[in-house]
Amino acid sequence: WARWPRDEAGALASLELEDFAAVLWYASGMAPGLDDADRTALAYYVQHGGTLLLAGQDLAWQMGDPASPWYSPQAASWLQVVLGATHAGPATAVTEVASLPGAPFACWGTLNGAGGAGNSTSPDALQTSGSGILAHHYRNGQWAAVTNTWGAGHTLLCGYALESLATSERGILIDGFLDWALGRPSGVPGGDLPLAGAVRAAPNPFNPSTTLRFEVAAAGAVTVEVCDL
């Protein structure tokens, strides 16, 4: 493993990323959280099989809102295509986040709770684009995270400051992400079962019907539950 302080050491190149099965990118406190060089390297990394967790408030706003000083059509397209997400506005006065049933990353916790960084001041609300799949929601009903499959790789975009979660809650999410990225049995509750790594619905949106496709780690009987909010 390696730690790279982006604001001190500069941009990473694709060749420096390709030996890592997973990348965890914390962007809170940086503006912009990603620049053109970062997006180019990360797009190549994901397209060729890498797994990326990208977390930070204002990230989706920076790339996807024309009112942002860091907005560009290229940045907005990268958000939609690589991460499968769009910016749906600010997540106002949210204090809790939780994962949807069946999401590959278990998450539940309080933003700015005890043991966290206390820096969740302007989280983003998200919506899906293309093949993106909703993964986490805020307790007020807005969407907090989107997972996507692009090329040979996978991504998870969290619209909130991941470090604002308590240490134990943050650890559960990161462990689940690494289990998924590295293809190892999950340590989260129910993790001994072959969980779906990606669920796709096509067409989406749909009326009156759609087809759900998913993969599991091993052959066997599965149970599928379709839930509303």
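Rundown of residues vs (1) in contact with a Ser or Thr (Cβ under 8 Å, 6 or more places away or on another chain); (2) closer than 24 Å to Met30 by Cα, yes/no style:
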residue: Gly109; (1), (2): no, yes
residue: Asn119; (1), (2): yes, yes
residue: Arg139; (1), (2): yes, no
residue: Ala152; (1), (2): no, no
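Taking Ala201 as the residue in question, decide whether it is more than 21 Å from the chain's Cα centre (by Cα) and either open to solvent by less than 30 Å² (accessible area, probe 1.4 Å) or modelled with pLDDT under 75 (or both).
Details: more than 21 Å from the chain's Cα centre (by Cα): no; either open to solvent by less than 30 Å² (accessible area, probe 1.4 Å) or modelled with pLDDT under 75 (or both): yes.
So Ala201 does not fit the description; no.
Of the numbered conditions (1) touching a residue at least 60 places away in the same chain (Cβ under 8 Å); (2) assigned to a strand (DSSP E or B), Gly89 fails exactly one; give the number of that condition.
It fails just one condition, (1).
Looking only at region 21-38, count how many residues are of a type outside the set (A, V, I, L, M, F, W, C), open to solvent by 20 Å² or more (accessible area, probe 1.4 Å) and out of contact with any strand residue (DSSP E or B) (no Cβ under 7 Å at 6 or more places or on another chain). It would help to see each step written out before you state the result.
The initial filter retains those residues of region 21-38 that are of a type outside the set (A, V, I, L, M, F, W, C), namely 26, 28-29, 32-33, 35-36, 38.
With open to solvent by 20 Å² or more (accessible area, probe 1.4 Å) added as a condition, the list becomes 26, 28-29, 32, 35-36.
Within this subset, residues satisfying the condition of being out of contact with any strand residue (DSSP E or B) (no Cβ under 7 Å at 6 or more places or on another chain) are 28-29, 32, 35-36.
Looking only at that region, the number is 5.
Would you point out which residue out of Trp70, Trp108, Trp61 is in contact with a Pro (Cβ under 8 Å, 6 or more places away or on another chain), surrounded by fewer than 17 Cβ atoms within 10 Å (Cβ to Cβ) and not aliphatic (A, V, I, L, M)? Give the derivation first.
Working: Trp108 fails: in contact with a Pro (Cβ under 8 Å, 6 or more places away or on another chain); Trp61 fails: surrounded by fewer than 17 Cβ atoms within 10 Å (Cβ to Cβ).
After applying the criteria, what remains is Trp70.
Looking only at region 77-87, count how many residues are surrounded by 18 or more Cβ atoms within 10 Å (Cβ to Cβ) and either more than 16 Å from the chain's Cα centre (by Cα) or under 23 Å from Asp228 (Cβ atoms) (or both).
Summing the residues that are surrounded by 18 or more Cβ atoms within 10 Å (Cβ to Cβ) and either more than 16 Å from the chain's Cα centre (by Cα) or under 23 Å from Asp228 (Cβ atoms) (or both) in region 77-87 gives 3.
On the basis of being of a type in the set (Gly, Ala, Ser), closer than 21 Å to Trp180 by Cβ and surrounded by 15 or more Cβ atoms within 10 Å (Cβ to Cβ), does Ala2 make the cut?
Details: of a type in the set (Gly, Ala, Ser): yes; closer than 21 Å to Trp180 by Cβ: yes; surrounded by 15 or more Cβ atoms within 10 Å (Cβ to Cβ): no.
Against the criterion (of a type in the set (Gly, Ala, Ser), closer than 21 Å to Trp180 by Cβ and surrounded by 15 or more Cβ atoms within 10 Å (Cβ to Cβ)), Ala2 does not qualify.
Just the residues that are hydrophobic (A, V, I, L, M, F, W, C) and crowded, with 23+ Cβ neighbours inside 10 Å, please, taken from region 138-169. Don't jump to the end; show me each part of the working.
Here is the first cut: in region 138-169, the residues hydrophobic (A, V, I, L, M, F, W, C) are 143-146, 150, 152, 156-158, 161-162, 165-166.
Residues satisfying the conditions are Ala144, Ala145, Val146, Leu156, Leu157, Cys158, Ala161, Leu162, Leu165.
Among what's in region 40-49 and is surrounded by fewer than 18 Cβ atoms within 10 Å (Cβ to Cβ) and of a type outside the set (Ser, Thr, Tyr), pick the residue that is nearest to Pro69 (Cα to Cα).
Checking each candidate, the answer is Gln47.
Sort through Gly176, Gly190, Gly171 and tell me the only one that's at pLDDT 75 or above, out of contact with any strand residue (DSSP E or B) (no Cβ under 7 Å at 6 or more places or on another chain) and farther than 24 Å from Gln127 by Cβ. Spell out the reasoning first.
Details: Gly176 fails: farther than 24 Å from Gln127 by Cβ; Gly190 fails: at pLDDT 75 or above.
The unique qualifying residue is Gly171.
The values are calculated or read from the model by the stated rules, or taken from the named source; none is laboratory data. Treat the numbers as computed from the prediction; the structure is a model and nothing was measured. Heads up, the Cβs are rebuilt from the backbone with ideal geometry, glycines too, and the neighbour counts pull from every protein chain shown. Only protein heavy atoms, including side chains, enter the accessible area calculation; ligands, DNA and RNA are left aside. Shrake-Rupley method; radii C 1.70, N 1.55, O 1.52, S 1.80 Å.
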